[in-house]
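The structure appears below as structure tokens.
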Amino acid sequence: MDCVFCKIAAGEIPTDKIYEDEYIIAFNDLDPQAPIHFLVIPKKHITSLATLDESDSDLLAKIMLAIKKLANENNLEGYRVVTNIGEDGGQTVPHLHFHVLGGRAFHWPPG
Ligand code: 5GP
Ligand code: ZN
């Protein structure tokens, strides 16, 4: 499959990896929008939150716990977790990913 994040997960594209286990990989964003900006993705191809199903619930919990662990390791007290879904959501890579942004204050509502 021609998916850039599947290729990163398979080690076919080099990346600034910060965490990996059997199910998940996390790496720094190529175009950081905050002093800390990394992405946490399932190794399995899932297009977005919109295509999740019940059988992915354990995987999702693992991703959330990995986010918590990585945020703690980066000494982030306040931070933002974002997943963009589809064109209107601003998704540019159609492989489920959670942005973790920290190291500055964020505003609400987002743009
Ligand atoms: P989206 O717009 O889909 O929510 O986020 C995609 C993110 O992936 C963007 O922040 C973009 O900078 C990042 N990105 C796209 N291609 C690559 C890549 O090859 N390597 C890394 N590290 N980040 C990427
Ligand atoms: Zn993929």
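The values are calculated or read from the model by the stated rules, or taken from the named source; none is laboratory data. Just so you know, these numbers come straight off a predicted model, no measurement behind them. With ideal geometry, Cβ positions are generated from the backbone for all residues, glycine too; neighbour counts draw on all protein chains shown. What goes into the accessible areas is simple: the full protein's heavy atoms, side chains included, and nothing from ligands, DNA or RNA. Shrake-Rupley method; radii C 1.70, N 1.55, O 1.52, S 1.80 Å.
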Restricting attention to the range 7-17, does a residue exist that is open to solvent by 40 Å² or more (accessible area, probe 1.4 Å), out of contact with any helix residue (DSSP H, G or I) (no Cβ under 9 Å at 6 or more places or on another chain) and charged (D, E, K, R)?
-> yes
Matching option when the condition is closer than 17 Å to F27 by Cα and touching a Pro at 6+ places or on another chain (Cβ under 9 Å), among L70, L65, L76, L96 = L96
Scan the range 1-26 residue by residue and report those that are without any contact (Cβ under 8 Å) to a residue 24 or more places away in the chain and of a type in the set (D, E, K, R).
-> D2, K7, E12, D16, K17, E20, E22
Just to be sure, is L39 closer than 16 Å to V4 by Cβ, in contact with a His (Cβ under 7 Å, 6 or more places away or on another chain) and among the aliphatic types (A, V, I, L, M)?
-> yes
Collect the residues in the range 13-46 that are more than 11 Å from ligand 1 (Cβ to nearest atom) and over 21 Å from L70 (Cα atoms), keeping them in residue-number order.
-> H45, I46
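Condition first: among the polar types (S, T, N, Q) and within 24 Å of I46 (Cβ to Cβ). Now tell me which residues in the range 74-108 satisfy that. Even if it seems obvious, please write down each step before you answer.
Quick first cut of the range 74-108, residues among the polar types (S, T, N, Q) only: 74-75, 83-84, 91-92.
Result: T83, N84, Q91, T92.
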Sort out for me the strands (runs of 3 or more DSSP E) sitting completely within the range 27-111 that have 1 or more residues that are surrounded by fewer than 16 Cβ atoms within 10 Å (Cβ to Cβ) and in contact (Cβ under 8 Å) with a residue 12 or more places away in the chain.
-> 79-82
